[in-house]
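Taking it in order: structure first as structure tokens, then the write-up.
The numbers here are math on the coordinates, done by the rules we state, and not lab data. Remember, predicted model here, so these are calculated numbers, not experimental data. No Cβ is skipped: glycine too gets one built from the backbone with ideal geometry, and neighbour counts run over all protein chains shown.
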Amino acid sequence: MVSPEFILALTAARHRMPPGDWQKLAAKLSAMSASPDAATIRKATAGLLSQDAAWLLSEAFRKSGCAKWNDIAVAMITVDCLAGDNSPLTEIIWTGPANKRFPVRRIDQVLYDLISKAKKRIVLVTFAAHRVRHLCDHLIQAVDRGVELTLIVESEDESEGQLTRDAINAFANVPAAKTHLYYWPLAKRERNQAGRPGKLHMKCAIVDNVALIGSANLTDDAFHRNMELGMLVREQATVETLSEHFRELVRSKVLVPVRQVATNRQ
């Protein structure tokens with residue numbers, strides 16, 4: 001008899017694995033009659049492509065109590081039928097030093113994965129963008145597939161020097177004719193007591209029906225060296241509210257098209 005805690009742990013692991021890999025593992029375990037121990041747990045999770053799934057499965061197997069491997073396989077098949085394609089509504093994304101307890105997915109890899117699978121829309125919002133050739137390659141491929149691309153970026157001129165490199169220039173290779181490019185005009189910004197204008201400091205991505213919200217700019221440092229935290233959101237009402245927020249900023253002309261830069265890039 002397996003515990004509810006064990007089923008919850010299995011469900012969390014299932015959300016991180018492709019159905020085919022999960023089913024193959026269940027079939028493999030169904031032929032084993034012994035109970036899990038440290039050695040067989042390592043053997044069962046060896047070779048899994050997703051490190052976080054492997055860690056979650058290892059933790060789940062340790063919570064299996066007196067269940068034998070073939071009992072665990074039955075539980076995995078049941079979880080697969082119930083949890084199936086239901087991904088978690090939120091997921092923590094991380095770039096930076098490992099916490100040495102459990103792995104999480106890196107922000108840049110999650111973003112690349114989302115963009116490579118995009119079918120309808122990509123909205124990227126960032127303060128800074130620099131040295132993102134790999135990201136631009138993914139965006140070009142998405143645009144070629146017919147995906148609608150919207151970039152909302154900070155301008156060096158509009159920030160009055162608070163941004164050292166114009167974020168717009170990082171996307172010079174992305175086809176301008178197929179890109180909606182927006183910025184926040186200086187005239188629309190409030191100033192602080194020192195006279196400095198507010199910044200377009202948001203960092204988020206909306207790809208089809210998923211949003212990635214976090215601290216990371218679209219820069220090489222943010223993707224590889226900084227300590228950055230993000231949240232992947234799949235809850236549809238939240239994603240659509242976020243998308244509508246940006247559409248309303250465009251409709252109300254708080255955000256305006258970057259016409260001159262787009263013209264120069266064509």
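Contact order, relative form, for segment 164-256: 26 percent (alpha carbon pairs under 8 Å, 6 or more residues apart, mean separation divided by residue count).
Here the dipole of segment 92-265 is about 180 debye; that uses its Cα centre as origin and unit charges on the Cβ of Lys and Arg (positive) and Asp and Glu (negative).
By the gyration tensor of its Cα atoms, with a ≥ b ≥ c the square roots of the eigenvalues, what is the shape of segment 117-266: rounded for a/c under 1.5, prolate for a/b over b/c, or oblate? Here segment 117-266 falls in the rounded category. With the cut-off at under 18 Å, measuring from each backbone N in segment 219-259 to a point 7 Å along the Cα-to-Cβ line of N209 picks out 232-244. Loop-located GluC sites (Glu not before Pro) in segment 126-194 (DSSP state not H, G, I, E or B) with no more than 13 neighbouring Cβ atoms inside 10 Å: E190.
Let a ≥ b ≥ c be the square roots of the eigenvalues of the Cα gyration tensor of segment 4-83; is it rounded (a/c under 1.5), or, if not, prolate (a/b larger than b/c) or oblate? Rounded, since a/c falls under 1.5. Across all directions, the shadow cast by the convex hull of the chain built on its C-alpha atoms averages 16.6 square nanometres. Considering only H245, L200, L229, the residue lying farthest towards the positive end of the dipole of segment 182-253 is L200, judged by Cα position with unit charges set on Cβ.
Stretched out straight at 0.36 nm per residue, the stretch from D113 to K178 would grow longer than its current Cα-Cα span by 21.3 nm. Using only side-chain charges placed at the Cβ, +1 for Lys and Arg and -1 for Asp and Glu, the dipole size of segment 4-83 relative to its Cα centre rounds to 160 debye. List, in the order given, every pair from K43/K68; K178/K199; K117/K253; K120/K203 whose Cα-Cα distance in the structure shown is over 22 Å. Beyond 22 Å between Cα atoms: K178/K199; K117/K253. In the distance distribution for segment 178-220, Cα-Cα pairs more than 13 Å apart total 71 percent. Mean residue ellipticity, 222 nm, helices only, the chain: the sum of -39500 (n - 2.57) across DSSP H runs of n ≥ 4, divided by residue count and rounded to 500, is -12000 deg cm²/dmol.
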